[in-house]
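FYI, it's all coordinate maths here, none of it is from the lab. The structure presented is a predicted model; accordingly, all values stated were derived computationally and were not measured. Here the Cβ is made from the backbone with ideal geometry for all residues, glycine too, and neighbour counts use every protein chain on show.
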């Protein structure tokens with residue numbers, strides 16, 4: 001009985017040991033599965049964190065193109081470089097290194113906060129730039145309008161000046177050319193002429209300037225040459241020096257004035273058609289074609 005009793009005790013002990021071993025085995029399997037699950041969770045969490053770092057780096061890259069401020073762009077580039085450096089570290093750290101992964105996650109939150117500050121700064125600068133652009137456009141438009149107004153006023157003033165200048169220009173009428181003999185009598189025969197008398201009336205003009213005025217006459221022969229006493233006898237007309245035949249100074253008061261200018265004949269004059277032009281104040285004020293025979 002005693003040996004049999006001991007045998008049962010041994011069998012029971014072995015059964016207990018087997019049961020304990022099996023229980024330990026089951027616990028180890030369960031713990032292994034849990035560890036694998038945790039490792040998978042850590043790896044997924046790490047991958048998600050890597051994605052978030054990558055998105056943040058891309059956001060920094062994008063915001064660099066939303067501003068032209070060199071100082072702000074330099075700040076964004078520094079922060080982007082920091083993000084990329086931490087992202088590289090995250091890729092190399094083990095997923096099971098929960099402490100460092102957690103630190104990197106906190107770093108990510110800090111970087112996001114910094115980026116939000118830069119975004120606000122970019123928005124503020126863009127609003128200011130937009131306001132400046134609108135103000136510049138407004139000023140440019142005002143400048144264009146002012147320029148157009150000035151151009152219009154200038155054109156109107158020019159036209160007015162031209163009208164005033166035209167209105168103030170002297171005008172010669174009743175132009176006559178008469179051959180005079182040595183006895184101071186009129187003649188139609190060239191061979192009897194001692195001089196030519198050019199007479200005309202300067203019409204009344206209250207807009208013209210008054211005072212001493214020099215009246216020039218140019219007598220053109222049938223061949224187009226101008227009768228002149230000296231090659232130095234010139235005056236300015238249309239910005240050029242041209243010859244005159246004779247001149248006379250008169251005092252013009254704005255009222256009608258009769259003028260008589262002589263040309264002493266000292267050269268051979270052929271029969272034909274002649275022309276006399278009358279000038280004053282640098283303008284042509286009258287012309288007359290006449291014939292000598």
Pair residue 201, residue 136: separation of 7 Å Cα→Cβ label points (nm)
6.8
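Grab the beta carbon distance between residue 251 and residue 291, set R0 = 41 Å, and tell me the FRET efficiency rounded to 0.05.
About 0.80, to the nearest 0.05.
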As an exercise, take the mean of 1/r over every pair of distinct alpha carbons in the stretch 73-131, invert it, and state the Kirkwood radius in angstroms.
13.1
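Just order 208-215, 135-142 by mean Cβ neighbour count inside 10 Å, highest at the front, would you? Intermediate values should be presented prior to the final figure.
Values: 208-215: 14.5, 135-142: 10.1.
The packing order, highest mean first, is 208-215, 135-142.
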Cut-off 20 Å, label point 7 angstrom out along Cα-to-Cβ of residue 234: give me the residues of the stretch 258-293 whose amide nitrogen falls inside.
277-284
Binned Cα-Cα distance frequencies in the stretch 172-292 - 10 Å width, integer %
13, 45, 32, 10, 0
Calculated FRET efficiency for the pair residue 189/residue 275, C-beta based, R₀ 25 Å, to 0.05
0.80
Contact order relative to length for the stretch 62-220, counting C-alpha pairs under 8 Å separated by 6 or more residues, stands in percent at 14
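Need the full-extension length gain, residue 50 to residue 74, defined as separation in residues times 0.36 nm minus the C-alpha distance. One decimal, nm. Walk me through the intermediate numbers first.
Numbers: separation 24, 0.36 × 24 = 8.64 nm, distance 2.41 nm.
So the extension gain works out to 6.2 nm.
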Cα centroids of the stretch 63-85 and the stretch 99-130: how far apart, whole angstrom?
11
How far is it, in nm, from the label point at residue 181 to the one at residue 16 when both lie 7 Å from their Cα along the line to the Cβ?
18.1
